[in-house]
Amino acid sequence: MGLGPFPARELRDLALAYCCAAKASLILMAIAVANYCFSAVTSSVKFSCSTSSQRRLATSHTSLASANHKNQNFKNSPSTSKSSTTDRKFPGRSKDGKGETERSQSTAFKSFGAQRKDKKEFQFDSKEQLSESGNLQDAAFLNAVVKVYCTHTAPDYSLPWQKQRQYTSTGRQVKVKRRGDDTKYVAKVLARGVDCDIALLSVESEEFWKDAEPLCLGHLPRLQDAVTVVGYPLGGDTISVTKGVVSRIEVTSYAHGSSELLGIQIDAAINPGNSGGPAFNDKGECIGVAFQVYRSEEVENIGYVIPTTVVSHFLSDYERNGKYTGFPCLGVLLQKLENPALRTCLKVPSNEGVLVRRVEPTSDANNILKEGDVIVSFDDVRVGSEGTVPFRSNERIAFRYLISQKFAGNVAELGIIRAGTFMKVKVVLNPRVHLVPYHIDGGQPSYLIIAGLVFTPLSEPLIEEECDDSIGLKLLAKARYSLARFKGEQMVILSQVLANEVSIGYEDMSNQQVLKFNGTRIKNIHHLAHLVDSCKDKYLVFEFEDNYLAVLEREAAVAASSCILKDYGIPSERSSDLLEPYVDPLGENQAINQDSGDSPVSDLEIGFDGLKWA
């Protein structure tokens with residue numbers, strides 16, 4: 001288990017509000033209000049801050065690597081530590097967002113500084129954080145790292161009506177403790193970013209903020225820059241410090257949320273408990289948060305840090321929308337155009353561009369882009385034939401980096417070549433819709449019990465809990481490679497059968513996808529519940545994958561329901577979300593016209609570097 005960037009300790013299954021560690025570290029920072037500027041390309045940060053009475057902590061959180069990433073060896077370092085930023089809501093912040101930079105690095109940070117009630121601006125020199133004696137132990141910035149404690153309760157995905165036994169980690173009840181203090185303060189989770197492994201905490205106690213020094217976020221580091229990682233590895237009660245250098249900066253896979261964002265690779269030791277701890281440069285500025293490691297017998301000391309550019313995007317998103325909306329995507333599968341004959345065939349005049357091979361049905365680009373289009377520019381930035389764009393001086397980075405700089409709902413202008421003709425089109429960018437979610441919003445999975453047949457949506461936590469083996473290769477392949485055809489679509493499976501007289505003969509069924517009910521193709525579990533509730537036929541007919549059929553006598557199934565629930569100690573035949581009126585995601589009585597797609601979900605699973613999802 002592991003923790004991530006600025007969350008509080010583990011915000012794992014509580015809708016992933018928390019990760020899975022007993023204690024964590026937080027970085028105490030504050031969001032700047034005005035006159036700030038943060039640029040990843042120029043690698044510079046300037047800020048001035050005004051303060052207010054309301055304080056918040058932005059914390060990072062990570063948990064177990066997603067099931068489909070097990071073969072990658074990427075792991076959120078199992079932590080007992082996490083890092084967090086404290087953000088204060090400043091009165092002077094513009095509400096229309098125009099006072100903010102439209103890039104992901106739109107916010108400057110500062111620690112929860114002194115409790116000033118006036119709105120005077122002040123400049124903070126991060127170099128002053130270093131002690132004059134040069135002794136790291138006395139460095140002021142270490143006091144901005146706090147431990148996070150959490151009592152966590154994870155859902156039981158195999159028995160979706162109940163939760164597992166509670167344990168100490170980072171979850172339901174969150175508390176934080178400052179360095180050198182023995183008092184724990186209650187914190188509230190305001191927002192969580194599963195895809196970027198960050199969460200936002202709020203501490204209301206004035207005592208907690210007393211004499212707290214602001215912490216500065218530094219610029220994106222250069223290769224071989226020194227880095228110091230601070231945390232509480234292995235559950236220790238005192239701060240641990242490890243040192244190393246920056247070895248690589250590129251778009252990398254975030255195991256916790258199965259996303260691909262900018263990451264900093266370092267060689268400093270990151271152990272269980274370090275994840276979520278801040279990483280500092282030699283000026284005492286925080287340049288990111290440790291969140292995962294690469295474990296392999298062939299390599300060692302490969303750790304990853306979430307850069308301040310990503311943290312800035314998360315906090316700006318929250319400030320703009322009052323909630324976290326996520327990193328957007330373009331929703332297309334792209335192929336490199338390195339081969340001259342391929343470019344000539346597509347009538348691309350120069351060595352540039354990437355070929356659109358698939359457009360996700362749920363993306364806004366579905367009505368704009370077509371298979372066979374060649375994307376040659378993104379907001380007037382030229383895209384190379386290898387799918388890269390300019391990045392700082394003499395560097396290039398994956399095209400997806402530009403997309404991650406946008407916010408949900410932003411519009412991007414694409415330069416494309418279609419059948420030899422150049423044109424410009426505009427596409428709205430929104431977060432990706434996953435057919436099989438990596439985490440469950442709300443913390444508890446949906447379920448429906450009909451005469452002992454337990455139905456639930458397929459999710460990555462369920463696959464992980466079932467250890468892959470019992471899921472079946474065909475269902476796993478669909479989970480890994482299928483695309484959602486419409487927003488709200490789910491893969492509904494028969495999780496298990498609770499033995500009783502009505503369901504005789506079906507007891508051995510488990511983890512099989514249900515495709516149709518009484519001849520109607522199922523769109524999601526709420527749709528299944530609606531079909532069952534409105535059924536007047538004599539029989540309930542369920543059609544499963546591999547042409548398997550299960551039939552129940554309707555009146556007998558209804559009569560047996562209460563006895564089954566009582567025998568198995570189940571409080572309700574369905575989850576509370578299924579008690580709400582059903583709303584058809586496709587519109588009234590609109591049928592599904594095609595089967596699920598069969599394109600890979602991520603380029604790491606494609607196993608071929610020539611194709612990339614954007």
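The values are calculated or read from the model by the stated rules, or taken from the named source; none is laboratory data. This structure is a prediction, so every number in the text was calculated from the model and none was measured. Heads up, the Cβs are rebuilt from the backbone with ideal geometry, glycines too, and the neighbour counts pull from every protein chain shown.
Among the residues of the range 418-438, are any touching a residue at least 24 places away in the same chain (Cβ under 8 Å), closer than 25 Å to Leu549 by Cα, in contact with a helix residue (DSSP H, G or I) (Cβ under 7 Å, 6 or more places away or on another chain) and crowded, with 20+ Cβ neighbours inside 10 Å? Looking through the range 418-438, at least one residue is touching a residue at least 24 places away in the same chain (Cβ under 8 Å), closer than 25 Å to Leu549 by Cα, in contact with a helix residue (DSSP H, G or I) (Cβ under 7 Å, 6 or more places away or on another chain) and crowded, with 20+ Cβ neighbours inside 10 Å.
Quick check: is even one residue across the range 498-506 within 37 Å of the chain's Cα centre (by Cα) and either modelled with pLDDT of 90 or more or more than 22 Å from Pro160 (Cα to Cα) (or both)? Within the range 498-506, one or more residues are within 37 Å of the chain's Cα centre (by Cα) and either modelled with pLDDT of 90 or more or more than 22 Å from Pro160 (Cα to Cα) (or both). Meeting the requirement of 3 or more residues that are closer than 29 Å to Asn410 by Cβ and within 17 Å of the chain's Cα centre (by Cα), the strands (runs of 3 or more DSSP E) wholly within the range 261-348 are 286-294, 303-307. When the range 442-478 is limited to residues that are within 12 Å of Gln496 (Cβ to Cβ) and at pLDDT below 85, the one that is surrounded by the most Cβ atoms within 10 Å (Cβ to Cβ) turns out to be Glu466. One residue alone among Val251, Val241 is more than 21 Å from Cys329 (Cβ to Cβ) and in contact with a helix residue (DSSP H, G or I) (Cβ under 8 Å, 6 or more places away or on another chain), and that residue is Val241.
The criterion of at least 3 residues that are farther than 18 Å from Leu334 by Cβ is met by the following strands (runs of 3 or more DSSP E) wholly inside the range 357-457: 421-428, 448-450, 453-457. Of everything in the range 159-178 that is closer than 21 Å to Ile198 by Cα and among the charged types (D, E, K, R), the residue that is modelled with the lowest pLDDT is Arg172.
One line per residue, one yes/no per condition, for (1) more than 24 Å from Ser576 (Cβ to Cβ); (2) in contact with a Lys or Arg (Cβ under 8 Å, 6 or more places away or on another chain); (3) surrounded by 15 or more Cβ atoms within 10 Å (Cβ to Cβ):
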position	(1), (2), (3)
Arg480	yes, no, yes
Glu489	no, yes, yes
Glu507	yes, no, no
Ile522	no, yes, yes
Phe544	yes, no, yes
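To keep it simple, each residue is scored yes or no on (1) closer than 21 Å to Ser259 by Cβ; (2) among the hydroxyl-bearing types (Ser, Thr, Tyr).
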| residue | (1), (2) |
| --- | --- |
| Lys370 | no, no |
| Ser385 | no, yes |
| Val389 | yes, no |
| Asn394 | no, no |
| Ile416 | no, no |
| Arg432 | yes, no |
| Val436 | yes, no |
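Reported count of residues in the range 322-362, each being in contact (Cβ under 8 Å) with a residue 60 or more places away in the chain and among the polar types (S, T, N, Q), is 3. Would the range 529-546 turn up any residue that is more than 30 Å from Val359 (Cβ to Cβ), of a type outside the set (Ser, Thr, Tyr), assigned to a helix (DSSP H, G or I) and touching a helix residue (DSSP H, G or I) at 6+ places or on another chain (Cβ under 6 Å)? Within the range 529-546, one or more residues are more than 30 Å from Val359 (Cβ to Cβ), of a type outside the set (Ser, Thr, Tyr), assigned to a helix (DSSP H, G or I) and touching a helix residue (DSSP H, G or I) at 6+ places or on another chain (Cβ under 6 Å). The combined condition, being over 30 Å from Leu565 (Cα atoms) and touching a strand residue (DSSP E or B) at 6+ places or on another chain (Cβ under 7 Å), is not fulfilled by Pro457. Note on the range 546-561: residues that are over 39 Å from the mean Cα position of the chain (by Cα) and either closer than 15 Å to Gly452 by Cβ or surrounded by 12 or more Cβ atoms within 10 Å (Cβ to Cβ) (or both) amount to 9.
Listed by first and then second residue, the pairs with beta-carbon distance under 6 Å, at least 6 apart or on different chains, first residue in the range 168-192 and in a strand (DSSP E or B), second modelled with pLDDT of 85 or more and of a type in the set (S, T, N, Q), are Tyr185/Ser205; Lys188/Ser202; Leu190/Ser202. For the range 206-253, a residue qualifies if it is buried (at least 23 other Cβ atoms within 10 Å of the Cβ), in contact with an Asp or Glu (Cβ under 7 Å, 6 or more places away or on another chain), touching a residue at least 60 places away in the same chain (Cβ under 8 Å) and outside any loop (DSSP other than H, G, I, E, B), and exactly one does: Leu217. With respect to Glu545, determine if the residue is of a type outside the set (Phe, Trp, Tyr) and touching a strand residue (DSSP E or B) at 6+ places or on another chain (Cβ under 6 Å). In short, yes.
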